[in-house]
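Comments concern the structure below.
The values are calculated or read from the model by the stated rules, or taken from the named source; none is laboratory data. Remember, predicted model here, so these are calculated numbers, not experimental data. Reconstructed Cβ throughout: ideal geometry from the backbone, glycine too, with neighbour counts over all protein chains shown. Accessible surface is based on the protein model in full, side chains and every heavy atom, while ligands, DNA and RNA are left aside. Shrake-Rupley method; radii C 1.70, N 1.55, O 1.52, S 1.80 Å.
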Amino acid sequence: MPVATPEQYAEMLDRAKAGGFAYPAFNVSSSQTVNAVLQGLTEAGSDGIIQVTTGGADYFAGHTVKARATGALAFAKFVHEVAKSYPITVALHTDHCPKPALEDFVLPLIAASEEVVADGGQPIFQSHMWDGSAVPLGENIEIAQELLPRLKAINAILEVEIGVVGGEEDGVRHEGSNDALYTTVADVTAAVEGLGLGEQGRWIAALTFGNVHGVYAPGNVKLRPDLLGEIQEGIAAKFGTGPKPLDLVFHGGSGSTDAEIATAVRNGVIKMNIDTDTQYAFTRAVAGFMFSNYDGVLKVDGSVGNKKAYDPRAWGKVAESAMAARVVQSTQQLGSAGKSQS
């Protein structure tokens, strides 16, 4: 199936960890950006993850209404249908759900999947993120403990953020000292004590090692991907597991160097979120088209313009292909290119 079954998704993650690569997870907010991701993954011969935030889901539903669960379901149905035309496998994920958004975003989506699974179907989303970084660690873990059994029952995976990713995404901003941007072994120990290491349900961890959402100037925050290795070693020693017991997620990676990405993957990152860079690639292409074809997209001095230029499909195709090229670049950086299980 073009959209992964739970078993295929689990196999994807296991293959990444065993093979020393990671899957790019692309945030989307429209059918055009979905198509760009599918195009890019196909060109790269890579499987991947397509995900939507609260703001992206709001936009899918229509920017004049607030119906993010509806928007997320529409996104999922669209991908399920159009992905049939592409020879790669994708998983669907909901990104960054803070506590105030649980009731109108993730919880209704889990309930929708529970109904589908009860009727013999597959979960609509293969994983969901609970972002408890803005609440105390104890409460973060308690809410994760409530969500994990429900996701296990529908054979879906929970992503938990332990630590704080700086910057802002969809209106969620984290302020404070840079010390808060680095997860500790003690933080993760508490999470493992509360959530287990898979026996209570599979979960993946978005640990923080200086990550910042959006674009930041070099040197503003110091990335420490080596910290992930230290945490893996600490958890393995504490709980008597094999090496790299945690499945890790890299948030806020825009602007990261190839070396930083490679170190993070080497230390157990199997999923890396991509948003800012693909947004820019899409919009930069639109801006270039408009500047180059201004006399066609505008009715200058009473002219009639050029319908073939201002047809949204004309600049839309250019934007999608530019974003697809950035998708390919991500798969190459993470090592997933050419490794589609399809």
With θ set to phi - 60°, apply the Karplus curve 6.51 cos²θ - 1.76 cosθ + 1.60 along the range 83-92 and write out the HN-Hα couplings as whole Hz, x wherever there is a Gly or Pro.
5, 4, 8, 10, x, 9, 10, 10, 10, 10
Would you mind checking the pairs K222/K244; K17/K244; K84/K271; K17/K339; K17/K77; K66/K152 and listing those with alpha carbons more than 19 angstrom apart?
K222/K244; K84/K271; K17/K77; K66/K152
Relative to the longest principal axis of the chain, what angle (0 to 90°, nearest 10) does the C-alpha long axis of helix 107-118 take?
80 degrees
Taking Rg and Dmax of the Cα atoms in Å straight from the coordinates, which label in (1) 27.0, 91; (2) 20.1, 76; (3) 22.2, 66 is the correct one?
(2)
So what is the accessible area of the range 1-60 per residue, in Å², with the probe set to 1.4 Å?
28 Å²
Could I have the simple spin-label model distance between V286 and T5, label points 7 Å from Cα toward Cβ, reported in nm to one decimal?
3.9 nm
Which order do the peptides 227-233, 326-332 come out in when sorted by mean C-beta neighbours inside 10 angstrom, highest first?
326-332, 227-233
So what's the angle, to the nearest 10 degrees on a 0 to 90 scale, between helix 226-239 and the longest Cα principal axis of the chain?
40 degrees
Tell me the angle of helix 68-82 to the major Cα principal axis of the chain, expressed in degrees between 0 and 90 and rounded to the nearest ten.
70 degrees
Mind listing the long-range amide H neighbours of A206? Cut-off is under 5 Å, sequence gap 5 or more, other chains count too, H placed in the peptide plane at 1.01 Å from N.
V160, E161, I162, V249
Relative contact order of the range 229-276 (C-alpha contacts under 8 Å, at least 6 apart) in percent is 40 percent
Of the accessible area of the chain, computed with a 1.4 Å probe and all protein chains kept, carbon and sulfur make up a percent value of 53 percent
Summing -39500 (n - 2.57) over the DSSP H runs of n ≥ 4 in the chain and dividing by its residue number, what mean residue ellipticity at 222 nm do you reach, to the nearest 500 deg cm²/dmol?
-15000 deg cm²/dmol
Per residue of the range 324-337, in order, report the coupling 6.51 cos²θ - 1.76 cosθ + 1.60 (Karplus, θ = phi - 60°) as ³J(HN,Hα) in whole Hz, putting x for Gly and Pro.
4, 4, 5, 4, 4, 4, 5, 5, 6, 5, 8, x, 8, 4
Relative contact order [Cα under 8 Å, 6+ residues apart], the chain, whole percent:
22 percent
Would you please put 7-15, 39-47, 301-309 in order of how densely packed they are, using the mean number of other Cβ atoms within 10 angstrom per residue and starting with the highest?
39-47, 7-15, 301-309
Quick one: net charge around A67, please, counting Lys, Arg +1 and Asp, Glu -1 for every other residue with C-beta under 12 Å from its C-beta.
0
Amide H contacts under 5 Å for A91, placed H, 5+ residues apart:
A4, G48, I49, I50
Just want to confirm a number: the relative contact order over the range 1-142, from Cα pairs under 8 angstrom separated by 6+ residues, in percent.
26 percent
Sorted by packing (mean other beta-carbon atoms within 10 Å per residue), highest first, where do 147-155, 128-136 land?
128-136, 147-155
